[in-house]
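Q: The structure under discussion is supplied below as structure tokens; questions concerning it will follow.
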Amino acid sequence: MHIETNNHGDVLVVKLFESRLDSYVATDFRDAMDGFISQGSERIVLDLSKVEFVDSSGLGAIVTTQKRLGRARDLVICGPCETVMRLFKLARLDKIFQIVNTEDQALTVLEV
Amino acid sequence: MLTEWGLPSDRVAAWEMAVSELTTNVFRHSYKNLSPGVLGLSLNWDDTGLTISVIDEGHPFDPNLVPPPPDPDPADPRTWPEGGMGLMMVRSAGDDLRYASTGKRNVLSLFTALPRVSPA
């Protein structure tokens, strides 16, 4: 799985370079996010702009990350395509995630 | 094949997601503690609509008996759903999710009322 990260202050920006976040990738993704949190990241921007397809396993892995962080709104998602955004809304996950278009907007939300 | 039939690309993407969810469910659950078995996929488009069926011979599973996940409350992490979203996503891709178990065969069909129009 291809993930790239960079730090902006105490915010970790995680960009997923996979076209699919599905049941084949979800476990690795969850473990990677778990690792970032274990290493001390408490606020995360998740950039999904390269992702074209998410299934319920992928959504579940993102929710698990949010739960590990412990508080709603400490995970900001940016750049989901229309198809992925529709799924977030369908599962009503837009109630527990902040979802914006760009990384800059995500960092503004987290007041970096 | 759905694309070759000239069906709209946004609907094809939703059906692809539904097929992914349904087949993943079969892989994960249908043959638990059983010998590996059949996974069939059938597509039928006629003058009533499109029917996508996933067929297996494992444990019976009627998705219509599964309650939907709770509405997530931002203040209560216990309500944030880590699973149970798949069937909701499948249902959203069509108009009706039908289940039939006959003998040892389970057929789960997603029907979409998008009639095939025969050439004049």
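Q: When chain B is treated as a GNM, springs tying every alpha-carbon pair under 10 Å, which of B:Gly83, B:Gly49, B:Gly94 comes out with the largest mean-square fluctuation?
A: B:Gly83
Q: List, in the order given, every pair from A:Lys95/B:Lys32; A:Lys50/A:Lys89; A:Lys67/B:Lys104; A:Lys15/B:Lys32 whose Cα-Cα distance in the structure shown is over 28 Å. Intermediate values should be presented prior to the final figure.
A: On the way: A:Lys95/B:Lys32 34 Å; A:Lys50/A:Lys89 19 Å; A:Lys67/B:Lys104 40 Å; A:Lys15/B:Lys32 35 Å.
With Cα atoms farther than 28 Å apart: A:Lys95/B:Lys32; A:Lys67/B:Lys104; A:Lys15/B:Lys32.
Q: Okay, moving on. Below 8 Å between Cα atoms, with a sequence gap of 6+, how large is the relative contact order for segment B:45-115 in percent?
A: Once normalised by length, the contact order is 48 percent.
Q: Set the Förster distance to 30 Å, then compute FRET efficiency between B:Arg78 and B:Thr102 from the Cβ-Cβ distance, nearest 0.05.
A: The calculated FRET efficiency here is 0.15.
Q: On to the next question. Indicate the gyration tensor shape class of segment B:9-112 (rounded, prolate or oblate), computed on the Cα atoms with a ≥ b ≥ c the square roots of the eigenvalues: a/c under 1.5 is rounded; otherwise a/b larger than b/c is prolate and the rest oblate.
A: Oblate, because a/c is 1.5 or more while a/b does not exceed b/c.
Q: Pull out a ≥ b ≥ c, the square roots of the eigenvalues of the alpha-carbon gyration tensor of chain A, then state rounded if a/c is under 1.5, prolate if not and a/b is larger than b/c, and oblate in the remaining case.
A: Working: a/c = 1.38, a/b = 1.18, b/c = 1.17.
It is rounded, given that a/c, with a ≥ b ≥ c, falls under 1.5.
Q: Continuing with this model, one more query. Using a Gaussian network for chain A with springs between C-alpha atoms less than 10 Å apart, which of these wobbles most: A:Ala61, A:Ala32, A:Ala91?
A: Per the Cα network of chain A with a 10 Å cutoff, A:Ala91 tops the list.
Q: Going through segment B:5-75, which trypsin sites (Lys or Arg not before Pro) have at most 16 other Cβ atoms within 10 Å and a DSSP loop state?
A: Hits after loop and neighbour filter: B:Lys32.
Q: Just need the relative contact order of segment B:1-67 here, percent rounded to a whole number, with Cα pairs under 8 Å and 6+ apart.
A: In percent, rounded to a whole number, it is 26.
Q: Separate question: Could you tell me what percent of the DSSP beta bridges with both partners in chain B are antiparallel, to the nearest 5?
A: Of those bridges, close to 100 percent are antiparallel.
Q: Using a Förster distance of 45 Å, how high is the FRET efficiency between A:Lys50 and B:Leu39, based on the Cβ-Cβ distance and rounded to 0.05?
A: Values: r = 30 Å, r/R0 = 0.66.
Using R0 = 45 Å, I get an efficiency of 0.90.
Q: Please say if the protein assembly as shown is rounded, prolate or oblate, where rounded means a/c under 1.5 for a ≥ b ≥ c the square roots of the C-alpha gyration tensor eigenvalues, and otherwise the choice is prolate for a/b larger than b/c and oblate otherwise?
A: prolate
Q: Now for a separate question. So in chain A, what percent of DSSP beta bridges are antiparallel if you round to the nearest 5?
A: Numbers: 6 of 20 bridges.
Antiparallel bridges: around 30 percent, rounded to the nearest 5.
Q: Now a separate question. Below 8 Å between Cα atoms, with a sequence gap of 6+, how large is the relative contact order for chain B in percent?
A: Reported relative contact order: 29 percent.
Q: Another question, then. Per-residue mean of other chain beta-carbon atoms within 10 angstrom of the beta-carbon, peptide A:89-99?
A: Across the residues of A:89-99, the mean count of other-chain Cβ atoms within 10 Å is 4.
Q: Follow-up question, since we're still on this one. What's the average, rounded to a whole number, of partner chain beta-carbon atoms within 10 Å of each residue's beta-carbon in B:77-84?
A: Mean partner shielding for this stretch: 6.
Q: Roughly what % antiparallel, to the nearest 5, for the DSSP beta bridges in the protein assembly as shown?
A: 65 percent
Q: In nm, give the distance between the simple-model label positions of B:Ser92 and A:Asp10, each being 7 Å from the Cα along the Cα-to-Cβ direction.
A: A separation of 3.4 nm, rounded to one decimal place.
Taken together, the values in this text are just the output of simple stated rules run on the coordinates, not laboratory data. All figures in this text were calculated on a predicted structure; none of them were measured in a lab. Positions of Cβ are backbone-derived with ideal geometry, glycine not excepted, and every protein chain shown enters the neighbour counts.
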